[in-house]
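Every read-out reported here was derived from the displayed coordinates using simple, explicitly stated rules and does not represent laboratory data. This one's a predicted model, so the numbers in the text were calculated from it and none came from an experiment. Here the Cβ is made from the backbone with ideal geometry for all residues, glycine too, and neighbour counts use every protein chain on show.
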Amino acid sequence: MRRWASVTVLSLLLAFTAAGQGPGGGPPKGGGPGGGPGGGGPNPVNSIGKMGEEERRRTIESLPPERRKQAEDRMGKLDRMSPEERERLERSYAAFQRLPAKMQEQARQMYRRLNELPNDRHSAVREEFGHLRAQSSSERTQLLKSKDFRSRYNKKEQAILTDYVTLLEAPLR
Amino acid sequence: MRSEEARCPLNADEQAELLLDYCAGRMEAPAASLMEAHLEVCPDCRELHEAQLRVNQALESWDAEFDTAAFDRRLRERLAEENRPGWLERVRGWGVGISWKPAIPVMAGLAIWAVLYTPPGPAPRLDASLMKTDLAKAEHVERVLEDVDMLSDLKLTAR
């Protein structure tokens, strides 16, 4: 009887050991090369700028044709920038990445809504962007509260301009 | 004897069996001779005798065709078939002579291993995995370019 008890205990130990070596029992993940998000890796803008033509083509070849074309155009824009412009953009991008994810997404949505506006309204809002950039923080706040602002822009445009002011106030520049 | 001849067995209940005995060949020689003499003169008894002969012949021919040995063999087979144990009884019978003690710890170990160890799902195809990686990389680059385009377009760049 004691012999069977010993065999049972041994079997249980073996089973625990085997289970411990399964997928759930392996070493913790995330320790590999590349690091996690915010791991201080190279700036992606810089990496894309340094890519050769063939590498760029291979990188975006799995995208649908329309999106691939758009990515190519944007890469071209990046190439046409001066080194100083690109460096500023790299720093802005790094700062943008440090913003809370919710705020980043809010900025992207604002940009999409802006591009959906009819041409005349798009131009008007963009012109207001220029004014806002030139203003101080308190001037912007006053403008957003003014009757003139509410009368010149509809609710959708007001939301776009308010989001833009939020981005201008964020530590991006 | 004359009187015996004149007495038809069909007309005397107590004598009717004599005719059946004669037909069956069970009658002794002197009585059988008397019955033969009677049959020659009695059409009713003769008719019954002939009918009885036909029945006996039919029975004899059926008897001849009946294969007792084959019948017994089939009967034994049928009985054996009905008495054969079902698969459950056969399995039970197989396990009677086996000691299950050695299997208990092994089965306990296997049960715990099954509970604790979740097997990995089917291994994804390598090319599908690579394609997924490629697409993820492409979408990441696309997202970076979108953000860069937005920052540049909205003049949100550092001074």
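Just a few scattered comments:
- The mean number of Cβ atoms from other chains found within 10 Å of a Cβ in peptide A:57-63 is 5, as a whole number.
- Here the spin labels are modelled as points 7 Å beyond Cα on the Cα-Cβ line, and at residue B:89 and residue B:16 they lie 5.1 nm apart.
- Counting Cβ atoms of other protein chains within 10 Å of each Cβ in A:109-121 and taking the mean gives 1.
- Packing-based exposure ordering (other Cβ within 10 Å, fewest first) of A:114, B:53: B:53, A:114
- Extension gain, residue A:162 to residue A:54, is 34.7 nm, computed as 0.36 nm per intervening residue step minus the present C-alpha separation.
- Exceeding the 28 Å Cα-Cα cut-off - candidates A:102/B:155; A:69/A:155; A:69/B:132; A:102/B:132: A:69/A:155
- Taking label points 7 Å from Cα along the Cα-to-Cβ direction, residue B:47 and residue B:131 give a separation of 10.1 nm.
- Sites residue B:56 and residue B:77, calculated FRET efficiency, Cβ-Cβ separation with R0 25 Å, nearest 0.05: 0.15
- Shielding score for A:70-76, defined as the mean number of other chain Cβ atoms within 10 Å: 4
- Inter-label distance, nm, simple model (7 Å from Cα along the C-beta direction), residue A:105/residue A:81: 2.6 nm
- Ranked list, fewest to most other Cβ atoms within 10 Å of each Cβ, for B:55, B:106, A:125: B:55, B:106, A:125
- Taking every Cα-Cα distance in the range A:98-138 and sorting them into 10 Å bins from zero, the calculated P(r) comes out as 26, 39, 34, 1 percent.
- Calculated FRET value between residue A:147 and residue A:66, using beta carbons and R₀ = 41 Å, to 0.05: 0.45
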